[in-house]
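A short worksheet on the structure shown next.
Each reported figure results from applying straightforward, stated rules to the coordinates on display, with no laboratory input. Note that the coordinates shown come from a computational prediction; the quantities given were computed from them, not determined experimentally.
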Amino acid sequence: MKQALKLLFCAVGLQISYLTWGVLQERVMTRTYGTTETDLGEKFKDSQFLVFMNRILALTVAGVYCAFTKQPRHGAPMYKYSFASLSNILSSWCQYEALKYISFPTQVLAKASKVIPVMLMGKIVSRKSYEYWEYFTAVLISVGVSMFLLFSETNKHPSKVTTFSGLIILTGYIAFDSFTSNWQDNLFKYKMSSVQMMFGVNLFSCLFTVGSLLEQGAFFESVKFMSRHSEFTFHALLLSVCSACGQLFIFYTISQFGAAVFTIIMTLRQAIAILLSCFIYGHTITLFGGLGVVIVFLALFLRVYARSRMKKRMKKTAFSQTPVQKV
């Protein structure tokens, strides 16, 4: 029961943080600011600056928390944070940039199928081994969410046409994001807290992004854009708050349940986002879309059931191998 409540806490926290973040992300990258009857407005183009804002706030939150709480010492070399940091920056950049080239449903569909890439990356990075039922349920989840997204009439007029460039960027996002979660999962072997992980990763992220922005001359251009549009400033700050809160939940979830469980929660977020859209805006769900939802929850039930059976079997094996002391 304690583990179930902890998992529920992680799932709800991730859903609230990233559902809000997703709505703001699409608003910032696809709509104009300063639109009036005589002015068409202008779009914000530098997604790297948004990544920097997200990371600087997350670094501040983690630094303040570490300064006022007694964190356990850990022996992780600082340079190892840079790998997760770089892949995290690249995945975030790809996610923002992909919205310029592909439709929103296509991006959501790609995110929904991340369970399998994360498990494959886990075998490469962390040398993990998975049971056959984990692969089977991962495939079922991806198939179910894909059916729901493909056959549900949630977006009759997509804003952009899918292009080859967008698919390449989306592939990069999936690869970098899968590496990030598995590398962080591997770093937790040093017995650090989730906030220490957050501080280390975001420290390098800030250094990487601010260096790149200054080298390109994009930092001051983005600041000027903020000064011209107060609405963008509010959206960017709220986006950063959601990202910082989401990171806290990400690191805590990965440390407690691993990268694959975290990806399942984030995969379900995509379906929940579209379910909310259907409820609020009256979109219809087709028969195949509803069947996809059933398949997802069936796969989750099978996963939980198989995991509990395996834990019981391991406990019985450990108990039977325990030597009995003679009096």
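Quick notes on this one:
- Proximity of backbone amide H atoms, modeled 1.01 Å from N, is registered between residue 128 and 123 at under 5 Å, excluding neighbours fewer than 5 places apart on the same chain.
- Relative compactness, segment 177-270, computed as alpha-carbon Rg over 2.2 N^0.38 Å: 1.31
- Beyond 29 Å in Cα-Cα separation lie the following of the pairs 45/128; 80/123; 45/123; 100/191: 45/128; 45/123; 100/191.
- Estimated vicinal HN-Hα couplings, Hz - segment 127-142 in sequence order (Karplus 6.51, -1.76, 1.60; Gly, Pro = x): 6, 7, 10, 10, 6, 4, 6, 5, 5, 4, 5, 5, 5, 4, 4, 5
- HN-Hα J in Hz across segment 53-63 - Karplus 6.51, -1.76, 1.60, θ = phi - 60°, x for Gly and Pro: 4, 4, 6, 5, 5, 4, 5, 5, 4, 5, x
- Remark: segment 12-19, residue by residue, has Karplus-estimated 3J(HN,Hα) of 5, x, 5, 5, 5, 4, 8, 5 Hz, where x stands for each Gly or Pro and the curve is 6.51 cos²θ - 1.76 cosθ + 1.60 at θ = phi - 60°.
- Reciprocal mean inverse distance between Cα atoms of segment 181-221 - Kirkwood radius, Å: 11.7 Å
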